[in-house]
1. Expressed in nm to one decimal, what extension gain is obtained for the pair Gln40 and Asp9 from 0.36 nm per residue of sequence separation less their Cα-Cα distance?
2. Taking amide H atoms as placed 1.01 Å from N in the peptide plane, list the residues 5 or more away in sequence, or in a different chain, whose amide H sits under 5 Å from that of Leu34.
3. How long is the gain from Asp77 to Glu110 if the chain were fully straight, where each residue apart is worth 0.36 nm and the alpha carbon distance is subtracted?
4. Can you list which of the trypsin sites (Lys or Arg not before Pro) found in the range 30-93 are DSSP loop residues with at most 11 other C-beta atoms within 10 Å?
5. Defining a contact as two alpha carbons under 8 Å apart and six or more residues distant in sequence, what relative contact order in percent does the chain show?
6. So if each residue of separation counts as 0.36 nm, and I subtract the Cα-Cα distance between Glu64 and Gln25, what length gain in nm does that give?
7. Regarding the chain, what's the average projected area of the Cα-atom convex hull, expressed in nm²?
8. Can you compute 3J(HN,Hα) from phi for each residue in the range 77-94, using the Karplus curve 6.51 cos²θ - 1.76 cosθ + 1.60 with θ = phi - 60°, rounded to whole Hz and x for Gly and Pro?
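Read-outs throughout are calculated quantities, based only on the coordinates presented, and are distinct from any laboratory measurement. Predicted model only: the values in this text are computed from it and were never measured. Cβ coordinates were reconstructed from backbone atoms using ideal geometry, including for glycine residues, and neighbour counts include every protein chain displayed.
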Amino acid sequence: MQQDVLTPDQYRDLTRRIIHSIEKQHRIVPLNSLKHPRYQLRVPIYITLEIANDTVIASFDDVEAFSHAETESEAIDLLCREIIQLFEDLSADPNNLGPLPRKWLDYLTEIIACK
């Protein structure tokens, strides 16, 4: 069985269409940095920002990481810290993880480089 693979142009077009279809209080934004001197992203990741009742909720659903704050910038900064903390916690004892945390660590290891 062959999987369909999107070209870069098709991927960009699909991404644009998805973003435009989401309501105004929800946005998907790229994150290019974890804003940390020890860690960098190998590839951009996409996070969701949701505005509800004067609170911004930032989430990275691939590893179920969330944060909330009064501004987008604060919520993103807190989410970066949450992702780093999760990566460090999971990396501390990788042989003693269940299936889901192991999957998260494998994914985080693919996207995060230690400087």
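1. 8.6 nm
2. The list, which skips near neighbours in sequence, is Leu41.
3. Here the answer is 9.8 nm.
4. Of the trypsin sites (Lys or Arg not before Pro), the ones in loops of the range 30-93 whose Cβ has at most 11 other Cβ atoms within 10 Å are Arg38, Arg42.
5. Contact order relative to length: 21 percent.
6. Extending this stretch completely gives an extra 12.1 nm.
7. Convex hull of Cα atoms, orientation-averaged projection: 9.3 nm².
8. Here the 3J(HN,Hα) series is 4, 5, 5, 4, 4, 5, 5, 5, 4, 4, 4, 5, 4, 5, 6, 5, 9, x Hz.
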